[in-house]
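The values are calculated or read from the model by the stated rules, or taken from the named source; none is laboratory data. Just so it is clear, the structure is predicted and the values come from calculations on it, not from any experiment. Positions of Cβ are generated from backbone atoms using ideal geometry, with glycine treated the same way; all protein chains shown enter the neighbour counts.
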Amino acid sequence: MKELTIQETQAISIEILHTIAVICEKQNFRYTLIYGTLIGAVRHHGYIPWDDDVDIMMPRPDYTRFLKYLKIHIKEYPNLQIFNREECTEYPYMITRISDNRYIIKMENEKSFGIGVFIDIYPYDGLGNTKKEAVSYGLKGDRLSSLCYQATREHFAIETTTSIFRKIIKYPVYLVAKLIGKDFFQNKLGKLAGIKDYDYSKYIGCVVWLSGGEKDIFLRKWFDETIMMKFGKYEFRVPKYYDEVLRNIYGNYMQLPPEKDRKGHHYYKVYKRDSFE
């Protein structure tokens, strides 16, 4: 078996992204690049060289309509497969991944559920009209999604945790989460999602995966308008106020990280499915 390089994985991911973007344009579904993919577009006009995934966001109403559309029309995209809780009971997250099923990913600390090279689609909900309300509501989701994540790990691992306090409490939290199980947390997150209307909230964020805490809470007006920006051989939509969005998450996002930190943040290996099987 020959493991795919990060450059090969990126080449596959961008084609998935392009397909999804074309659907969104034709069906008038709102989307924009977000997180590391947005940094890549702004700073590198393509992928961050060491980035190992693609992230886009959709307002919850568009996300729901997009999934309904793709479920009906999925046969028109023979290599694509939808992964979310509705389509795969073993799937451990509350965001959707669109996968190219010609490939297979071997996870380091996660049960295999058949996913291939993928892109992440984050549904953004309204979080409220005051910062206090948004933080209170958003952090409920952050806590639940963290517990859900721990419940789906095959073994305990520190991974990217840096805080001494969090390192101390992580193992007992892992044990409790494993005992309760992912379905409990996914049900809780499902009830939390969509409570506040995206288009009538001042603040927005992905309440089912608010992993950055307050840094992942945004003013909706930053996303109300989009512009097209070059990303490799294609152009994709980004928030018109991308600078405000990125500074909110990362601070000085134009500064490259230290060389030792220039690596992907996922723990998996990618293979062609026929060679894997």
In the range 105-126, residues that are out of contact with any Ser or Thr (no Cβ under 6 Å at 6 or more places or on another chain) and within 18 Å of Asn248 (Cβ to Cβ) total 3
For the range 128-152, the count of residues that are of a type outside the set (Lys, Arg), within 18 Å of the chain's Cα centre (by Cα) and within 15 Å of Gly212 (Cα to Cα) equals 9
Within the range 1-40, the count of residues that are in contact with a helix residue (DSSP H, G or I) (Cβ under 8 Å, 6 or more places away or on another chain), surrounded by fewer than 22 Cβ atoms within 10 Å (Cβ to Cβ) and not aliphatic (A, V, I, L, M) comes to 5
Is there a residue in the range 117-131 that is at pLDDT 95 or above, among the charged types (D, E, K, R) and closer than 26 Å to Leu17 by Cα?
yes
Flagged in the range 148-167 as among the aliphatic types (A, V, I, L, M) and modelled with pLDDT of 95 or more, in numbering order, are Ala151
Counting only strands (runs of 3 or more DSSP E) wholly inside the range 192-275, the ones holding at least 1 residues that are of a type in the set (Gly, Ala, Ser) and surrounded by 14 or more Cβ atoms within 10 Å (Cβ to Cβ) are 203-205
Test for Lys178: is it surrounded by 13 or more Cβ atoms within 10 Å (Cβ to Cβ), of a type outside the set (Ser, Thr, Tyr), at pLDDT 95 or above and on the phi < 0 side of the Ramachandran plot:
yes
From the option list Tyr63, Tyr77, Tyr91, Tyr137, single residue qualifying as of a type in the set (Ser, Thr, Tyr), surrounded by 20 or more Cβ atoms within 10 Å (Cβ to Cβ), out of contact with any Gly (no Cβ under 9 Å at 6 or more places or on another chain) and more than 30 Å from Asp261 (Cβ to Cβ) is Tyr63
